[in-house]
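Heads up, the thing below is written out as structure tokens.
The values are calculated or read from the model by the stated rules, or taken from the named source; none is laboratory data. It should be emphasised that the depicted structure is a prediction, and the values quoted were computed from it without experimental measurement. Cβ placement follows ideal geometry from the backbone for every residue including glycine, while neighbour counts extend to all protein chains displayed.
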Amino acid sequence: MKIAYITDSTIVLPDALAQHPDIHIVPLYVVKGDQPYKDGIEVDAKTVYEWIDAGERVSTSQPAIGDFVTLYEKLKEEYDMGIAIHLSSDLSGTYSASVQGAEIAEFKLLAFDSRAGIYTMGLMFEELIERVERGDALEDVEAYMKKRVEDVRIELTLQNLTQMQKGGRISKSKALIGNMLQLKPVLRFEEGLIVPYQTVRTYKKAQAHLFEVLRAAIESGECQDVSIFHGNVPELAEEWKKQLGDTIPIRIDTLAPLLGAHTGSGSIGISYLKAKS
């Protein structure tokens with residue numbers, strides 16, 4: 001049985017999957033003003049952050065169901081079925097659009113809600129593909145993945161609250177007060193949602209908190225492969241990597257525009273899967 005693997009452009013693929021011939025990535029949309037652009041195809045992360053820094057109105061949009069129908073109609077000609085993993089369904093309708101698109105196209109699809117995104121979703125995708133390709137039963141793969149989502153670890157902080165306010169995530173008054181008092185939220189993924197769990201005075205203290213979280217995870221063995229992601233501040237991510245040394249693989253990634261459009265420039269965070277016991 002020939003299987004296609006489908007995901008969306010919020011993912012950060014591990015190096016081992018970069019050239020996989022059966023992976024198909026459906027782009028979400030970055031919207032500047034009223035003009036949509038396909039993420040990673042018609043616009044790149046650097047350009048999106050330039051728009052944000054210039055004060056442009058930047059928002060995001062999920063793929064249309066028709067985008068998936070078109071893909072799945074094409075995949076039917078070559079593959080017997082597809083296995084998909086997508087950005088948390090609590091953050092985007094991408095997962096639902098993928099499932100509906102497969103139904104319309106009459107393409108057999110096993111779809112997973114990652115309850116996450118970025119590199120953590122990429123690591124889950126790698127584990128999924130590894131199990132399928134070694135011959136595990138699909139019901140066993142499904143059970144494993146549903147359990148694995150509990151091991152998602154994503155935390156980040158923001159340089160300011162302006163983009164969150166522009167995207168309607170917080171009120172204008174909260175953004176104004178927060179920026180004036182230098183209140184920086186530390187956010188984390190919990191059950192598929194990005195939620196605030198701590199507020200810290202000053203950006204430097206928020207950075208220090210996240211750095212210590214990551215350092216402790218590495219030293220305890222909880223974290224064995226991590227991405228330090230950033231919103232257009234690569235020098236900060238590089239400094240963290242240098243300080244942490246080379247005891248585990250550490251990669252640096254620009255935060256996907258689909259998330260960066262809401263967090264803004266200057267955001268920094270960590271993304272990993274808890275080590276398997």
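Against the test of being of a type in the set (F, W, Y), modelled with pLDDT of 95 or more and under 21 Å from H230 (Cα atoms), the options Y5, Y29 yield a single qualifying residue, Y29.
The rows are residues; the columns are (1) surrounded by 15 or more Cβ atoms within 10 Å (Cβ to Cβ); (2) modelled with pLDDT under 85.
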position	(1), (2)
T199	no, yes
I218	yes, no
G221	no, no
E239	no, no
R251	yes, no
I268	yes, no
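With respect to the stated conditions, L91 is part of a loop (DSSP other than H, G, I, E, B) and not aromatic (F, W, Y). Scan the range 3-17 for residues that are of a type in the set (V, I, T), under 17 Å from A116 (Cβ atoms) and either in a strand (DSSP E or B) or in contact with a Lys or Arg (Cβ under 9 Å, 6 or more places away or on another chain) (or both) and the total you get is 4. Can you tell me how many residues within the range 18-39 are hydrophobic (A, V, I, L, M, F, W, C), closer than 15 Å to H262 by Cα, touching a helix residue (DSSP H, G or I) at 6+ places or on another chain (Cβ under 7 Å) and in a strand (DSSP E or B)? Selection size over the range 18-39: 1. A Cβ distance below 7 Å, combined with a sequence gap of six or more or placement on separate chains, defines the contacts here; from the range 107-119, residues that are closer than 17 Å to Y144 by Cα reach residues that are of a type in the set (S, T, N, Q) and not in a strand (DSSP E or B) in the pairs A111/S98; D113/S88; D113/S89; S114/S88; R115/S88; A116/S88.
Restricting the search to helices (runs of 4 or more DSSP H) fully inside the range 194-277 and requiring at least 1 residues that are touching a helix residue (DSSP H, G or I) at 6+ places or on another chain (Cβ under 8 Å) and among the hydroxyl-bearing types (S, T, Y) gives 257-263. One residue stands out among those in the range 89-117 that are surrounded by fewer than 20 Cβ atoms within 10 Å (Cβ to Cβ) and under 19 Å from S271 (Cα atoms): the one that is modelled with the highest pLDDT, which is S89.
From the list G135, G168, G178, which residue is at pLDDT below 80 and in a loop (DSSP other than H, G, I, E, B)?
G168
Test of understanding: among E73, E56, E78, E50, which residue is loosely packed, with under 14 Cβ neighbours inside 10 Å and either outside the structural domain of D39 (by TED's automatic domain parsing) or not in a loop (DSSP other than H, G, I, E, B) (or both)?
E50
Cβ separations smaller than 7 Å between residues 6+ apart or across chains give the following pairs from the range 258-272 residues that are closer than 15 Å to V58 by Cβ to residues that are modelled with pLDDT of 80 or more and aromatic (F, W, Y): G260/Y49; S265/Y49. Scanning the range 93-107 for residues that are of a type in the set (S, T, N, Q) and either closer than 13 Å to T7 by Cα or in contact with a Cys (Cβ under 6 Å, 6 or more places away or on another chain) (or both) turns up T94, S96, S98.
Selection within the range 8-26: residues that are surrounded by fewer than 17 Cβ atoms within 10 Å (Cβ to Cβ) and modelled with pLDDT under 95. The member of this set that is farthest from the chain's Cα centre (by Cα) is Q19. Would you check if K276 is at negative phi, surrounded by fewer than 16 Cβ atoms within 10 Å (Cβ to Cβ) and modelled with pLDDT of 85 or more? Criteria not met by K276.
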